[in-house]
Structures are given as C-alpha cells and as structure tokens.
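To keep things clear, I will list the structure first and then write my remarks on it.
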Amino acid sequence: MTLNINKPLQIFVLMLSVFLLLAFIPQQAEARKGDRKAGKTQTSVNKKSTRNSNKNTSKNSNKNVNVNKNSNKNVNVDVDVDVDRHGNRHGNRHGRHHNDNNFATGLFVGLVVGSVVASLPPSGCTTVIQNGITYSQCGSHLYQPQYSGSSVTYIVVQ
Amino acid sequence: MSNKITSSLLLLMGLVISPVMHAEEKQELSSEKDLALKAMNNMSSYLRELDQFSIRANIYVDEVLENGQKIQQTKRLDISANPPTKLKISESDMSGDRELYYNGNEFTVYTESLGFYASFNAPKTIAGVIAKASDDYDIEIPLSDLFMWGTDNDSSTEVDEAILVGVDSVDGVSCNSFAFRQKEVDWQICIQRGTSPLPLKLVITSKLEETQPKYVAVLKWDTAPQLSEKIFSFAPQLGDQKIQFSPSQTNK
C-alpha cells in the first residue's frame, strides 16, 4: 500500500523537478536579457527626421536605478514631497530639487567628478554664478545643471 | 466574429455615406488597407488645414524596468498651436514639469519648479523644430505625429497592414477605429466621425521591445481657441537661470 502511495508521489516529484529544471533555463535566459538597458517606448508613428537614430536611453536607465534602490529600501523617501511642491517658488528653490526625483537620493553615495546625477541632495544647496555659468553648490560639492533632453541633470564639477 | 464583420460593415457604410467619401467614391475601395489609409489622409489634410488649435491630452506610457516589468506613467499635456510657426506645450508627470516654447525663431525648454531654462535657434516650422529637437538635443516633442501627418515624413508609406476595427467612442465622442502595422510599431487610432475628422485616441505598441510596451494618448480638442501671441514666447521670471544643453547632445 505504501508503495502505491509513494509511486505517484515519486512520479510527481520527478515531474516537478523536470518542470522546475525546464522552467529554470528560460528564466535564466530572461534574467540575462534583463541585464541590458531597458528599452524605449515609441511615442510616435512618424519619423521625426530623415536621420535614423535611436537615442535617449539614459533617462530610462536612471529611472530604473532609482526604482531598484527604492525596493531595497535604501532611500529615504520624503513623504512630504507633494506638500511643498507648489509652494514658495522663489523661496528655497534648491530645497525642492529633490521633489522632482526624490528616489534619486540614493545616488549620492560616492560622487565622481564629471559624472551626471539626476537630482541634487535634498537640502543645503544654493545657486552660485561664476563667469556667467550657473552652478549649484551643495556643501563641498559643486554641480553644473544642464538639460539632458527635456530633463534637468547635474554634472558633478567638484 | 460576426460582430466584428457587422461593425466593420457598418463602419464601411458610414464612411461611404460620409460627404468626404462621396467626393472620392469614384476611386475603388480596393481593400481595407486603402480605406484605412484614405481615412488617415482625410484626417491628415484636416489637421494641416486647421488654423490654430488647443489640445488637452492624457498620456499613458509604459516604462520598462530592467527586469522586464512595465510601469505605466501618466502624463498630462496641454498643447497650443498656431502652425506652422508657433507652438507651446506644457507637460507634467511624476518626475516633474516642463514647458516648451516655439515662436518661429527660438525654441525654449523651461522647468519652472527648478527655475532653469535652455534655448536654441529654431528652424522655420514646427516640423523643423521636431526634427532638430530630436536630432540635436534629444528632446521629444510630445504628440509630434499631429504635426507630421500629411507632411513628407508621414509614415503612411511604411504601413504594411491596416484594418478597420469598428466604431468606438472616446469620452462620449463617436469615432472610427483603425489599426495599422509597421515594421517597428503596431498602432491604433480613433478618428472622430462626421465633418471634423480629428484623432481622439492613439495607441502605439513598440514591437522591437521584448515586453511590447504601449503608449496611449487620449485627446480633447479645441479647434477654435483664442490664443494670444504672447504665450508662444518664453519670458524668464525673476531668478530664472539660463543653462546649457548637455554637450554630449549638442555635439552630435
């Protein structure tokens, strides 16, 4: 009797392991594909120009990094973000930089001069103008804001 | 299946009866694809003839994470256009807000919440701006199709297949739905029925992406807006700082 019960169980276990093995292989393949940069969703059906170019993946990859960080709970998400979003425009402008991409706070771990970040530290930044160029100074770090596409990013200058 | 045939037939009849089709009824309706392309031409001509217009649109666009998960982002768009030389777009989403200005001479992108803006000398037409912004500055003009349909860069020659989907409704407005297939994208459009063939909804599926992310635009039109000339020219507010475009892009 015990054999009769075990035999279907054994078959089941065998089938399950075969299934898991098979299932595992494509998942591995999927995972490897997932390593590549995330793609871009097409937003138009007409060519914008005669030049054929596929650009603008950097913005997406930034977002992905941010989302991943968030899921690891390495980021202090400022829940007050929306509260002061529309207030006090001419007041502490830099104080609100983080509002535009608060997930990116986790990026400020090691700053490399010449690297580009999506947003500034949440506080302690002021605007300085040197030789007609606008910089954002945050503590000992100096950033140069620029437009990457239609989004503002910051080059770490110092 | 029979429902689909019935609705396609109804749509066919509706189009044949419509005055625009009357004018061209001598031409044979050789296939569904021809009919769909004809409807697109009709819409494109109508768009190109509009004196000025305003659109309020909701955009739903998939962002694909590295693990393949799709995250849908909502964008809100306000477009004011006085073609071919004036365009103003306000766009907002969870990552912020931005405004695009084009007055026939200069193009400016402005982020009011940060107080930053950047400009470049612009070509003479909106279509030219769309190309330059994309090629040289990596800036995507939202809903650029609205300004490309009916021009030389129209993708109508790249359509492989086209079908009539049926009569649909967007925000209570009746529209004819068509579906098209191109090499890189499948797309669907719903064109308002009657004498104002406006695109009310556009769905674009990116086929080259493994997860086939979608872009959906739902449009509300005003074809007789009162637009002041002033809105198309950017005027910085006190404290706004002009910054540069990323050199890696401007050097391209």
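Restricted to region B:51-69, and to residues there that are under 13 Å from B:Pro199 (Cα atoms) and of a type in the set (A, V, I, L, M), the residue that is farthest from the other protein chains (Cβ to nearest Cβ) is B:Ile55. Annotation: of all residues in region B:97-117 being modelled with pLDDT of 95 or more and among the polar types (S, T, N, Q), the one that is surrounded by the fewest Cβ atoms within 10 Å (Cβ to Cβ) is B:Asn105. Checking region B:220-239 against the condition returns a match, with at least one residue being in a loop (DSSP other than H, G, I, E, B), surrounded by fewer than 19 Cβ atoms within 10 Å (Cβ to Cβ) and touching a Gly at 6+ places or on another chain (Cβ under 7 Å). Away from chain A (no Cβ under 12 Å) and within 26 Å of B:Leu100 (Cα to Cα): is that true of B:Glu229 in this structure? When the stated conditions are applied, B:Glu229 passes them.
Just one of the listed residues (B:Lys86, B:Lys26, B:Lys4) is modelled with pLDDT of 95 or more and of a type in the set (Lys, Arg), namely B:Lys86.
Within region B:70-88, take every residue that is in contact (Cβ under 8 Å) with a residue 40 or more places away in the chain and either farther than 17 Å from B:Pro123 by Cα or within 9 Å of chain A (Cβ to nearest Cβ) (or both) and give me the one that is surrounded by the most Cβ atoms within 10 Å (Cβ to Cβ). Give the derivation first.
Residues of region B:70-88 in contact (Cβ under 8 Å) with a residue 40 or more places away in the chain: B:70, B:75, B:77, B:79-88.
So of that shortlist, the ones also either farther than 17 Å from B:Pro123 by Cα or within 9 Å of chain A (Cβ to nearest Cβ) (or both) come out as B:70, B:75, B:77, B:79-80.
Working: B:Lys70: 16, B:Lys75: 18, B:Leu77: 18, B:Ile79: 22, B:Ser80: 19.
Once the filter is applied, the top-ranked residue is B:Ile79.
Residues in region B:241-252 that are facing chain A (nearest Cβ under 10 Å) and either surrounded by fewer than 17 Cβ atoms within 10 Å (Cβ to Cβ) or within 14 Å of the chain's Cα centre (by Cα) (or both): B:Lys242, B:Gln244, B:Pro247, B:Ser248, B:Thr250, B:Lys252.
Residues that are exposed (fewer than 15 other Cβ atoms within 10 Å of the Cβ), within 13 Å of chain B (Cβ to nearest Cβ) and either modelled with pLDDT under 65 or more than 15 Å from B:Phe116 (Cβ to Cβ) (or both) are absent from region A:136-155 altogether.
The values are calculated or read from the model by the stated rules, or taken from the named source; none is laboratory data. On a predicted model such as this, the values are computed, not experimentally measured, just so you know. With ideal geometry, Cβ positions are generated from the backbone for all residues, glycine too; neighbour counts draw on all protein chains shown.
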